[in-house]
Amino acid sequence: MGIVQNLHQQTSELYSLLKSKQENRDDLIKRINALLEERQQTLQLFRPPFTEDEKRLAEEILIYDKKINVLLSDIMGEIKRDIVALKVKKQKHSRYENPYNLSPQDGMFLDKKN
């Protein structure tokens, strides 16, 4: 199998993996990283000249690549939202467990008689 065909197969496999919603996100991320590393190694071997069939496959790869970038940014945004939600949850839990350990946010009030 040629370099272009191999790259096309890896790209389509990555795209189909990103389109499928898996329950275990850690396994999904590991598989995505492995496919991206394989694809990067194949891209380093990518050299012209190309036949007409290879040019057509390269155009399909570019189309897939745009879609893959959108899906990866969606996954990244989802992970960021989960991290923010986890931080807020941790903060609220800490305030609930120890309400007297809060630092003043506005300053202090000093009651002074004249």
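Quick note: the coordinates plus some simple rules give every number you see, no bench work behind them. Keep in mind the model is a prediction, meaning the values are calculated, not measured. Backbone-built Cβ (ideal geometry, glycine too); neighbour counts: all protein chains shown.
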Please tell me if E37 is without any contact (Cβ under 8 Å) to a residue 12 or more places away in the chain, exposed (fewer than 12 other Cβ atoms within 10 Å of the Cβ) and under 30 Å from I83 (Cβ atoms). yes
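Considering only the range 1-28, state which residues are of a type in the set (A, V, I, L, M, F, W, C) and loosely packed, with under 13 Cβ neighbours inside 10 Å. Spell out how you get there, then give the answer.
If we filter the range 1-28 for residues that are of a type in the set (A, V, I, L, M, F, W, C), which is where we start, we get 1, 3-4, 7, 14, 17-18, 28.
Within the range 1-28, just M1 meets the criteria.
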If I ask for residues that are surrounded by fewer than 11 Cβ atoms within 10 Å (Cβ to Cβ) and basic (K, R), which ones from the range 46-94 would you list? R47, K66, K80, R81, K87, K89, K90, K92
